[in-house]
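Undergrad: Pasting in a structure now, in structure tokens, and then I'll have a few things to ask.
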Amino acid sequence: MVQSRKSSGYPQAIGARQIYEALRDQILGGVFGADGPLPSSRALALELGVSRTTVTAAHEQLLAEGFITVRQGRRPRVASAVVDRDVCGKPSKRVRPIRLSAYGERIRTAPPWGRTEAGKLVADFRYGDLAPSDFPTAIWKRAINAAMAQRPERLTYGDPQGSRRLRMALQGYLWRSRTLRCDPEQIIIVNGSQQGLDLCARLFLDPGDRFVIENPCYAMARQIFAATGASPVPIAVDDDGLRTDLLAGTGARLAYVTPSHQFPLGGVMPISRRNRLIEWARQHDAYVIEDDYDSEYRYDINPVPPLHGLEGSDNVIYLGTISKTLSPTLRIGYLVVPHGLQDAFARAKQLTDRHSPPAEQEALASLIEGGVYESHVRRMRRLNGERRRTLLTMLNVTFGGRIAVEGANAGLHIVVRFMDVPQHLEPALIETARRVGVGVHSITPLYDSGADAVRIDHASLMLGYSALDTRQIERGVHLLAEAIGRVRALA
């Protein structure tokens with residue numbers, strides 16, 4: 001809708017010409033879409049504080065120039081051909097220099113971390129997506145409806161730390177699923193793991209500080225810490241996760257790790273390294289952020305106890321999420337922070353967005369309390385275990401010894417290195433695969449380009465499977481083999 005006079009900067013004596021120009025520019029800019037309805041003359045007149053005659057005059061001019069169509073008793077609509085028409089003679093806007101804070105400049109100049117749209121693909125092996133059919137729609141709808149039916153005495157801001165009911169439910173769930181012991185007061189509900197990382201960055205890092213980050217790693221974690229003005233210290237990983245023998249001399253105030261399933265390579269940190277990491281944090285008065293992003297999905301190995309709860313782990317912040325079990329669209333995560341830090345985190349959360357949406361928190365609490373959530377997690381583990389088996393079988397049948405697979409024991413993705421495809425052909429492989437109908441994604445952007453190079457000799461792809469059914473996986477592997485054949489033939 002055209003902005004109101006109070007908020008848009010229009011002069012008090014707004015006229016038909018100004019309304020016409022604003023509506024025309026919004027139509028050409030695609031605001032209303034092809035054949036989209038415009039505000040009615042009555043609604044727009046009330047919004048702008050003018051007479052209906054003034055608005056009608058603007059509509060008549062738009063009609064005369066072919067921008068809209070009008071039918072008796074209905075709202076004006078955009079003429080279907082307008083949005084495709086080139087606009088000539090539109091005055092250019094003066095480009096002004098962008099003035100941002102130091103934080104804003106770091107954000108603006110950071111490497112882009114976009115997600116390409118899947119498009120019309122037979123199969124997209126993009127990590128992080130879930131199959132819509134896996135979401136328990138009916139169960140969640142009942143839980144949300146029940147939460148909305150609870151009418152409070154007044155509508156007011158909630159506890160920034162989160163719903164106490166949900167925090168108590170999570171306390172029991174974390175003990176049952178991860179043997180993690182904590183008090184409800186230590187739990188902070190956040191809008192997904194990304195907000196949890198942002199709060200940690202704000203509370204622990206100053207410009208000029210250093211932070212340890214796995215190499216390769218979750219790129220958005222590296223970016224959010226670097227946005228504070230702190231400098232990354234990339235530490236290589238191997239089959240056992242972060243190489244803790246390289247921590248000495250880093251001078252870091254913070255370490256971000258994924259010890260139970262290293263992202264993206266899948267290594268599991270053994271107890272000896274976990275103890276060394278905790279000892280390093282204690283000796284250097286540093287904090288460790290333990291991202292347990294997909295701990296529910298373990299197939300061939302037993303659950304690994306988290307860092308949080310090991311002896312001396314007073315400097316560990318545990319980060320969990322439901323993005324990989326229910327849906328990333330719900331934006332619900334949680335931090336378990338050491339005693340003494342909950343007030344700082346709650347106040348930081350309050351300054352960021354007051355509190356997380358209460359209805360979703362109450363709905364999730366009811367699912368956990370009734371055992372429905374854990375039943376759903378077990379179902380998802382079975383479904384994704386079947387997808388994983390299909391993918392591994394198809395890769396083995398199709399490529400045999402020409403590939404090396406990493407990180408297959410847990411999680412929702414694997415890393416595949418194609419030993420007969422040189423690394424320099426990887427961009428061509430990704431593009432060719434997309435043309436034949438399959439989306440595949442490189443792990444190269446997850447490495448720190450400024451660190452001592454971890455030599456990658458072969459095309460290396462991260463294949464997520466949790467959004468695909470078994471037939472899509474089978475077809476996708478066949479198409480990937482076709483793409484590799486085409487790329488190797490052109491090399």
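The values are calculated or read from the model by the stated rules, or taken from the named source; none is laboratory data. Predicted model, so just to flag it, every value in this text is computed and none were measured. Cβ sites come from the backbone with ideal geometry, for glycine too, and all protein chains shown count toward neighbours. Side chains are part of the model used for accessible areas, which takes the heavy atoms of the whole protein and leaves out ligands, DNA and RNA. Shrake-Rupley method; radii C 1.70, N 1.55, O 1.52, S 1.80 Å.
Undergrad: Of the residues 458, 413, which is closer than 28 Å to residue 233 by Cα and modelled with pLDDT of 95 or more?
TA: Values: 458 fails: modelled with pLDDT of 95 or more.
On inspection, the qualifying residue turns out to be 413.
Undergrad: Taking segment 50-107 as the search range and keeping residues that are among the polar types (S, T, N, Q) and modelled with pLDDT under 90, which one is farthest from residue 226 (Cα to Cα)? So that I can check it myself, show each step before the final result.
TA: Looking only at segment 50-107, we keep the residues that are among the polar types (S, T, N, Q), and these are 51, 53-54, 56, 61, 69, 72, 80, 92, 101.
This time we only want the ones that are modelled with pLDDT under 90, so: 72, 80, 92.
Working: 72: 58, 80: 46, 92: 36 Å.
Among them, the one singled out is 72.
Undergrad: Being small (Gly, Ala, Ser) and open to solvent by less than 30 Å² (accessible area, probe 1.4 Å) is the requirement here; does residue 208 meet it? Step through it out loud before you land on a result.
TA: Values: small (Gly, Ala, Ser): yes; open to solvent by less than 30 Å² (accessible area, probe 1.4 Å): no.
No.
Undergrad: If you go through segment 308-334 one residue at a time, how many are more than 19 Å from residue 169 (Cβ to Cβ), open to solvent by less than 30 Å² (accessible area, probe 1.4 Å) and outside any strand (DSSP E or B)?
TA: 1
Undergrad: Name the residues in segment 255-294 that are in a strand (DSSP E or B), open to solvent by less than 10 Å² (accessible area, probe 1.4 Å) and not charged (D, E, K, R), would you?
TA: Selection gives 255, 256, 257, 288, 289.
Undergrad: Just checking, does segment 443-452 include any residue being in contact with a His (Cβ under 8 Å, 6 or more places away or on another chain) and touching a residue at least 12 places away in the same chain (Cβ under 8 Å)? Steps first, please.
TA: Quick first cut of segment 443-452, residues in contact with a His (Cβ under 8 Å, 6 or more places away or on another chain) only: none.
Scanning segment 443-452 turns up no residue that is in contact with a His (Cβ under 8 Å, 6 or more places away or on another chain) and touching a residue at least 12 places away in the same chain (Cβ under 8 Å).
Undergrad: Let me ask you something else. Taking residue 45 and the conditions (1) at pLDDT 85 or above; (2) within 30 Å of residue 438 (Cα to Cα), which numbered condition does it fall short on, given that it satisfies the others?
TA: If we test residue 45 against (1) at pLDDT 85 or above; (2) within 30 Å of residue 438 (Cα to Cα), just (2) comes out false.
Undergrad: If a residue must be open to solvent by less than 40 Å² (accessible area, probe 1.4 Å), out of contact with any Leu (no Cβ under 7 Å at 6 or more places or on another chain) and not β-branched (Val, Ile, Thr), how many such residues does segment 335-354 contain?
TA: Total meeting the criteria: 4.
Undergrad: Are any of the residues in segment 108-120 assigned to a helix (DSSP H, G or I), modelled with pLDDT under 95 and open to solvent by 40 Å² or more (accessible area, probe 1.4 Å)?
TA: Applying the first criterion (assigned to a helix (DSSP H, G or I)) to segment 108-120 yields 108-109.
Next, only the ones that are modelled with pLDDT under 95 stay: 108-109.
Narrowing the set further to residues that are open to solvent by 40 Å² or more (accessible area, probe 1.4 Å) leaves 108-109.
Yes.
Undergrad: If residue 433 satisfies every condition in (1) surrounded by fewer than 18 Cβ atoms within 10 Å (Cβ to Cβ); (2) over 23 Å from residue 297 (Cβ atoms); (3) modelled with pLDDT of 95 or more but one, which is the exception?
TA: (1)
Undergrad: Right, residue 388: of a type outside the set (S, T, N, Q) and at positive phi or not? If you could, list the steps in order and put the result at the bottom.
TA: On the way: of a type outside the set (S, T, N, Q): yes; at positive phi: no.
No, not satisfied.
Undergrad: I'm told residue 474 meets every condition in (1) more than 23 Å from the chain's Cα centre (by Cα); (2) farther than 23 Å from residue 131 by Cα except one. Can you identify the failing condition by its number?
TA: (2)
Undergrad: State which residue is surrounded by the fewest Cβ atoms within 10 Å (Cβ to Cβ) when the search covers only segment 380-395 and only residues that are among the basic types (Lys, Arg) and within 15 Å of residue 474 (Cα to Cα). Full working, then the answer.
TA: Step one: of segment 380-395, the residues among the basic types (Lys, Arg) are 381-382, 387-389.
With the extra rule that they be within 15 Å of residue 474 (Cα to Cα), the set shrinks to 387-389.
Details: 387: 21, 388: 23, 389: 15.
Within segment 380-395, the match that is surrounded by the fewest Cβ atoms within 10 Å (Cβ to Cβ) is 389.
Undergrad: Next question. So residue 431 ticks every box in (1) closer than 27 Å to residue 220 by Cα; (2) outside any helix (DSSP H, G or I) but one. Which box is left unticked?
TA: Evaluating residue 431 over (1) closer than 27 Å to residue 220 by Cα; (2) outside any helix (DSSP H, G or I) leaves (2) as the failure.
Undergrad: List every residue pair whose Cβ atoms sit under 6 Å apart, with the two residues 6 or more apart in sequence or on different chains, where the first one lies in segment 333-358 and is of a type in the set (Gly, Ala, Ser) and the second, anywhere, is open to solvent by 70 Å² or more (accessible area, probe 1.4 Å).
TA: Taking only residues 6 or more apart or on different chains, the pairs are 348/202.
Undergrad: Shifting gears a bit: Quick one: would you say residue 208 is at positive phi and not in a helix (DSSP H, G or I)?
TA: Yes: the conditions hold for residue 208.
Undergrad: Quick test of your reading of the structure: residue 268 fulfils all but one of (1) of a type in the set (A, V, I, L, M); (2) in contact with a strand residue (DSSP E or B) (Cβ under 6 Å, 6 or more places away or on another chain); (3) under 29 Å from residue 405 (Cβ atoms). Name the failing condition by number.
TA: (2)
Undergrad: Select, from 171, 150, the only residue that is surrounded by 18 or more Cβ atoms within 10 Å (Cβ to Cβ) and among the polar types (S, T, N, Q). Give the derivation first.
TA: On the way: 150 fails: surrounded by 18 or more Cβ atoms within 10 Å (Cβ to Cβ).
Going through 171, 150 in turn, the sole match is 171.
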